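**Q** Input: one structure, supplied below.
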Amino acid sequence: MDGVTRMRTSSRSSGGRTSRAARAALLAPGLVAIGVSFLVPLAWLARMSLNRTVGSAELQSAVSPQSYVDVLTDEFVWKIAWQTLQLGVLVTVLAIAVSYPIALFLARTRSRLRGLLMALAIAPLLTSSVVRTFGWLTLLSDDGVVNSVLSGLGVTSEPLTLTNNRTGVVIALVEIMMPYAIIAMIAGFGRVSKDLEDAAGSLGAGRLRCFLRITFPLSLPGVLTGALMVFVLTISAFVTPRLMGGGRVFVIATEIFDQATTTLDWPRASALSILLLFLFGVFLVLYQRLFRLVEGR
Amino acid sequence: MKYLPEAIYRTIGAVVVIACYLFLLAPLLVVFVISFDAGANLEFPPKEWSLRWYAELAGNSEFLEGLRVSLVLGLVVTAVSLIVGVTAALALTRYDFTGRDGLVGLFTSPLLLPSVVLGLALLLVLGPVGLVGTYPGLVLAHLSLTIPYVVRTVMMSLNAVDASCEQAARTLGASPFTTFRRITLPLITPGLIAGGALSFIISFDEAVVSLFVVGTGRTTLPVVVFRYVSNNTDPQVAALSVVLIVFSLAAVVLIERALGLKRVLSRA
């Protein structure tokens, strides 16, 4: 349909000088806006990563790979890069595990409430991550909801330390990533047909075996796209690692922020950004390949 | 007995799904309850209920100023994104030319950039020209986040509109602008509503890019909250969060009604 429309319109508007002028006039505001707010800053960032910092935060214009060499030979950078990837894997696995039941349910259900439940699962995306992280702080802090319930029930005598450390960051990030995982998985679950399961069931397979042998394997493409989406978003997350980590959990994103706003070492911050961009890009390309493969079945 | 009865599987399934939903909605629900807590310590469930924190909110000049900045910013960003997004989407759907797909990619590419990287890049550019912490600087910074979504939602609507209606109007002598105003615009209104609501809420909720470019100047609400929460947590922030959630809910309802939340928000 799309192709037909375009062909029809093009027969009207192709060639003519006026239509070319109209097209240019329509595109101009957008190109200027994207250019100024996105392309120029990005190019500037790449250029900045080639500058040098001398002494304490004095910027020297140069074309040198110095900041990359510094970043790549710094043990601390390797440590936080490793921690970032570990966090990414851990959050991805857990987020997929808790999103899978919701996604499968939404892909299957014929309930009248389906629309509402779908909106409920995706809507948290549009609430600020600062607000959701604050919610987790009130839940998990030493005198927070979870600890007061646990001590009230006499389960624990000392409060569990669930904030200002990795545990809190993981729990909050898992929740924050769920809507992304759910959207990606529902898109991939189209091919999980209920008929196949019914057939297996009528041939005598039990529910568990049916799930393990039919449903789960068929849902794997959706799971994989969801996982990659969550992974790339987790390794670049900033708000939650900073607030839940209380300044004690370091990831690449928090390091970029510190270098840019506290240390004021811009070449280094820029080189770190390019590094993050590279990691991000690799997994994103993978994601898009997979997504097209799954959607275009 | 080899297999459990069907009913048991159904119950287990339902319990698992409900538990996952509870986990997903837990932070928002807790914030909501705590905002009505009369005490100063975060207690759950609260011993006494009150609207005390909402009243204090109304007297907190820092929060009010942040709210004002975020509202102005969100409205300006949305207006500019709509103008820019509609014109670009028109060119990209109604004309066929070489490099068209590349341009679609360009307009949606900021979606693929980590916010920290975008924030730093904008800081580096806005710093030297003195736009850090100013309205023009903040508008520019947020445009790169909202334009991709507006272009996408409007393109979705334009692709769904039958171009032959537009052609009929042209054949009958309407000018291109009249055709757009009388035929195209009414038909793509749902796309404009969804794109506008999305653009407003993205700008209104944005914390990371803003943290980089507010400097010591004009500060948006999410940045105020971020800085406040870094140091202390009290029910006043919970009350403020509820206000933010209400804005999000309004956007959710608008988008769901207009185009459908899932369609608008899936990436790739």
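**Q** Report, by residue number, each residue of the stretch B:210-226 that is within 10 Å of chain A (Cβ to nearest Cβ) and surrounded by fewer than 20 Cβ atoms within 10 Å (Cβ to Cβ).
**A** B:GLY215
**Q** Quick check on the stretch B:42-50. Is at least one of its residues without any contact (Cβ under 8 Å) to a residue 12 or more places away in the chain and part of a helix (DSSP H, G or I)? Walk me through how you get there before you give the answer.
**A** Going through the stretch B:42-50, the residues without any contact (Cβ under 8 Å) to a residue 12 or more places away in the chain turn out to be B:43, B:47-48.
Filter once more, keeping what is part of a helix (DSSP H, G or I): none.
No - not one qualifying residue is present in the stretch B:42-50.
**Q** Under the condition of being within 14 Å of another protein chain (Cβ to nearest Cβ) and outside any helix (DSSP H, G or I), which residue from the stretch A:43-68 is nearest to A:ILE274 (Cα to Cα)?
**A** Here is the first cut: in the stretch A:43-68, the ones within 14 Å of another protein chain (Cβ to nearest Cβ) are A:43-51, A:53, A:57, A:59, A:61, A:67.
Going one step further and asking which of them are outside any helix (DSSP H, G or I), we end up with A:49-51, A:53, A:57, A:59, A:61.
Values: A:SER49: 8, A:LEU50: 11, A:ASN51: 14, A:THR53: 17, A:ALA57: 20, A:LEU59: 18, A:SER61: 18 Å.
That would be A:SER49.
**Q** Sticking with this one: Could you check the stretch B:86-111 and list, in sequence order, the residues that are in contact (Cβ under 8 Å) with a residue 40 or more places away in the chain, facing another protein chain (nearest Cβ under 7 Å) and within 17 Å of A:LEU39 (Cα to Cα)? Please lay out each step first, then the result.
**A** First, the residues of the stretch B:86-111 that are in contact (Cβ under 8 Å) with a residue 40 or more places away in the chain: B:86, B:88-90, B:92-94, B:104, B:107-108, B:111.
Then drop every residue that is not facing another protein chain (nearest Cβ under 7 Å), which leaves B:88, B:90, B:94, B:107.
B:ALA88, B:PHE107, listed by residue number.
**Q** Go through the stretch A:114-228 and tell me which helices (runs of 4 or more DSSP H), entirely inside it, have 2 or more residues that are more than 9 Å from chain B (Cβ to nearest Cβ) and under 30 Å from A:GLN83 (Cβ atoms). So that I can check it myself, show each step before the final result.
**A** Values: elements: A:114-122, A:129-140, A:145-152, A:166-188, A:194-202, A:207-210.
Counting at least 2 such residues, we get A:145-152, A:166-188.
**Q** Quick check: anything in the stretch A:215-222 under 30 Å from B:VAL208 (Cα atoms), surrounded by 14 or more Cβ atoms within 10 Å (Cβ to Cβ), out of contact with any Pro (no Cβ under 7 Å at 6 or more places or on another chain) and not charged (D, E, K, R)? Spell out how you get there, then give the answer.
**A** Step one: filter the stretch A:215-222 for residues under 30 Å from B:VAL208 (Cα atoms), giving A:222.
Among the residues that remain, those that are also surrounded by 14 or more Cβ atoms within 10 Å (Cβ to Cβ) are: A:222.
Next, only the ones that are out of contact with any Pro (no Cβ under 7 Å at 6 or more places or on another chain) stay: A:222.
Adding the requirement that they be not charged (D, E, K, R) leaves A:222.
Checking the stretch A:215-222: at least one residue is under 30 Å from B:VAL208 (Cα atoms), surrounded by 14 or more Cβ atoms within 10 Å (Cβ to Cβ), out of contact with any Pro (no Cβ under 7 Å at 6 or more places or on another chain) and not charged (D, E, K, R).
Per-residue answers, yes or no, for (1) modelled with pLDDT of 80 or more; (2) out of contact with any Ser or Thr (no Cβ under 9 Å at 6 or more places or on another chain):
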site: A:ALA205; (1), (2): no, yes
site: A:THR215; (1), (2): no, yes
site: A:SER219; (1), (2): yes, yes
site: A:GLY222; (1), (2): yes, yes
site: A:VAL230; (1), (2): yes, no
site: A:THR240; (1), (2): yes, no
site: A:PHE250; (1), (2): yes, no
site: A:ALA253; (1), (2): yes, no
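**Q** Mind listing whichever residues of the stretch A:260-285 are among the polar types (S, T, N, Q), at the interface with chain B (Cβ under 9 Å from one of its Cβ atoms) and either under 18 Å from A:VAL89 (Cβ atoms) or touching a residue at least 12 places away in the same chain (Cβ under 8 Å) (or both)? Lay out the reasoning, then the answer.
**A** Restricting attention to the stretch A:260-285, the residues satisfying the condition of being among the polar types (S, T, N, Q) are A:261-263, A:270, A:273.
From what is left, the residues that are at the interface with chain B (Cβ under 9 Å from one of its Cβ atoms) are A:261, A:270, A:273.
Within the stretch A:260-285, A:SER270, A:SER273 qualify.
**Q** Right, here's the next one. What single numbered condition from (1) over 23 Å from the mean Cα position of the chain (by Cα); (2) at pLDDT 90 or above fails to hold for B:TYR95?
**A** Of the numbered conditions (1) over 23 Å from the mean Cα position of the chain (by Cα); (2) at pLDDT 90 or above, the odd one out for B:TYR95 is (2).
Okay, residues lined up against (1) in contact with a helix residue (DSSP H, G or I) (Cβ under 7 Å, 6 or more places away or on another chain); (2) of a type outside the set (Asp, Glu); (3) on the phi > 0 side of the Ramachandran plot:
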site	(1), (2), (3)
A:PHE189	yes, yes, no
A:GLY204	no, yes, yes
A:ARG209	no, yes, no
A:THR215	yes, yes, no
A:LEU233	yes, yes, no
A:ALA253	yes, yes, no
A:ILE256	yes, yes, no
A:TRP266	yes, yes, no
A:GLN288	no, yes, no
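**Q** Still on this structure, I have one more. Could you run through the stretch A:69-95 and say how many residues are part of a helix (DSSP H, G or I) and farther than 25 Å from A:LEU233 by Cβ? Full working, then the answer.
**A** So the first thing to find is which residues in the stretch A:69-95 are part of a helix (DSSP H, G or I), and the list is A:69-72, A:75-95.
Filter again for farther than 25 Å from A:LEU233 by Cβ, leaving A:69-70, A:75.
Adding up the residues that qualify gives 3.
**Q** A further question follows. Can you pull out the residues in the stretch A:232-254 that are more than 9 Å from chain B (Cβ to nearest Cβ) and surrounded by 24 or more Cβ atoms within 10 Å (Cβ to Cβ)? So that I can check it myself, show each step before the final result.
**A** Quick first cut of the stretch A:232-254, residues more than 9 Å from chain B (Cβ to nearest Cβ) only: A:234, A:240-241, A:244-245, A:248-251.
Hits for the stretch A:232-254 are A:THR234, A:THR240, A:PRO241, A:MET244, A:VAL251.
**Q** Does the stretch B:186-202 hold any residues that are away from chain A (no Cβ under 11 Å) and of a type outside the set (A, V, I, L, M), and which are they? So that I can check it myself, show each step before the final result.
**A** Initial filter on the stretch B:186-202 (away from chain A (no Cβ under 11 Å)): B:186-196, B:199.
Residues satisfying the conditions are B:PRO186, B:THR189, B:PRO190, B:GLY191, B:GLY195, B:GLY196, B:SER199.
**Q** If you don't mind, another one. Could you grab me the full set of residues in the stretch B:158-194 that are within 20 Å of A:ILE34 (Cβ to Cβ) and crowded, with 23+ Cβ neighbours inside 10 Å?
**A** In the first step, residues of the stretch B:158-194 are kept if they are within 20 Å of A:ILE34 (Cβ to Cβ); the result is B:158, B:191-192.
Within the stretch B:158-194, just B:GLY191 meets the criteria.
**Q** Among (1) of a type in the set (Val, Ile, Thr); (2) buried (at least 21 other Cβ atoms within 10 Å of the Cβ); (3) part of a helix (DSSP H, G or I), which single condition is B:VAL104 missing?
**A** The single condition B:VAL104 does not satisfy is (2).
**Q** Next question. Kindly indicate whether A:LEU90 is under 25 Å from A:THR225 (Cα atoms), aliphatic (A, V, I, L, M) and without any contact (Cβ under 8 Å) to a residue 60 or more places away in the chain. Explain how you work it out, then say what you get.
**A** On the way: under 25 Å from A:THR225 (Cα atoms): yes; aliphatic (A, V, I, L, M): yes; without any contact (Cβ under 8 Å) to a residue 60 or more places away in the chain: no.
When the stated conditions are applied, A:LEU90 does not pass them.
**Q** Among the candidates B:VAL77, B:VAL72, single out the residue that is surrounded by 18 or more Cβ atoms within 10 Å (Cβ to Cβ) and touching a residue at least 24 places away in the same chain (Cβ under 8 Å). Let's see the steps before the verdict.
**A** Numbers: B:VAL72 fails: surrounded by 18 or more Cβ atoms within 10 Å (Cβ to Cβ).
Going through B:VAL77, B:VAL72 in turn, just one is surrounded by 18 or more Cβ atoms within 10 Å (Cβ to Cβ) and touching a residue at least 24 places away in the same chain (Cβ under 8 Å): B:VAL77.
**Q** Being within 28 Å of B:VAL151 (Cα to Cα) and outside any loop (DSSP other than H, G, I, E, B) is true for just one of B:ALA55, B:ALA91. Which residue is that? Can you show your working first?
**A** Working: B:ALA55 fails: within 28 Å of B:VAL151 (Cα to Cα).
Residue meeting the stated conditions: B:ALA91.
**Q** Write out, first by first residue and then by second, each pair whose Cβ atoms fall under 6 Å of each other, whose residues are 6+ apart or on separate chains, and whose first residue, in the stretch A:155-178, is more than 13 Å from B:LEU25 (Cα to Cα) while the second is hydroxyl-bearing (Ser, Thr, Tyr) and surrounded by fewer than 24 Cβ atoms within 10 Å (Cβ to Cβ).
**A** Within 6 Å, the pairs are A:THR163/A:SER141.
**Q** A further question on this structure: Inspect the stretch B:157-168 for any residue being outside any helix (DSSP H, G or I) and within 30 Å of A:ARG132 (Cα to Cα) and give the result as yes or no.
**A** The initial filter retains those residues of the stretch B:157-168 that are outside any helix (DSSP H, G or I), namely B:161-162.
Of the ones still in play, those that are also within 30 Å of A:ARG132 (Cα to Cα) are none.
No, the stretch B:157-168 contains no residue that is outside any helix (DSSP H, G or I) and within 30 Å of A:ARG132 (Cα to Cα).
**Q** Evaluate the stretch B:56-73: report whether one residue or more is of a type outside the set (Ser, Thr, Tyr), over 25 Å from the mean Cα position of the chain (by Cα) and within 14 Å of chain A (Cβ to nearest Cβ).
**A** No, there is no match, as no residue in the stretch B:56-73 is of a type outside the set (Ser, Thr, Tyr), over 25 Å from the mean Cα position of the chain (by Cα) and within 14 Å of chain A (Cβ to nearest Cβ).
**Q** Among (1) more than 9 Å from chain A (Cβ to nearest Cβ); (2) surrounded by 22 or more Cβ atoms within 10 Å (Cβ to Cβ), which single condition is B:LEU123 missing?
**A** Condition not satisfied by B:LEU123: (1).
**Q** A:VAL285 passes all but one of (1) closer than 25 Å to A:LEU72 by Cβ; (2) buried (at least 24 other Cβ atoms within 10 Å of the Cβ); which number fails?
**A** That leaves (2) as the condition not met.
The values are calculated or read from the model by the stated rules, or taken from the named source; none is laboratory data. What you see is a predicted model; the values in this text were computed from it and never measured. Positions of Cβ are generated from backbone atoms using ideal geometry, with glycine treated the same way; all protein chains shown enter the neighbour counts.
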